[in-house]
Amino acid sequence: MDDGTADTIVAARRAAVRERNAMATEILAGLGVRPDPAAPHLWLPLPDPWGVGQFTAAARDAGVLVSPGDEYATSRRQSAFGVRVGLNADVDDDALRRALLSLVGLLHTSPRGPNG
């Protein structure tokens, strides 16, 4: 890897992450998302009346996996009213776009279940 191959691979991965963040920023505009262009994930805050568990389940039912924010809380008292959305290369750009659009659609509906 002394021939620069590693640098080339890293640069390509970073460029892909920036492109996916740009896509997510565009699709999720107006929803309070402030992605870090270098991070392969973003934080999606949830508006009332959505609960983290409700939204995570609804997203899963729609075929989109997100991580509940309370998995990332540093203490039991810390509130986590959002979900983590992965932007990694496990899915192609079209699938990511569809997933993000599904999340937007969910946010514009009312939750179902005991709290909604």
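Could you give the alpha-carbon Rg of the chain over 2.2 N^0.38 Å, rounded to two decimals? So the chain has a normalised radius of gyration of 1.19.
Here the gap between Ala57 and Ala39, fully extended at 0.36 nm per residue and compared with their Cα-Cα distance, gives a gain of 4.1 nm. Assuming charge only on the beta carbon of Lys and Arg (+1) and of Asp and Glu (-1), the dipole of the chain about its Cα centre is about 520 debye to the nearest 20.
Just so you know, all these numbers are worked out from the coordinates, no wet-lab data involved. The structure displayed is predicted, hence computed values, not measured ones. Neighbour counts run over all protein chains shown; Cβ positions are idealised from the backbone, glycine included.
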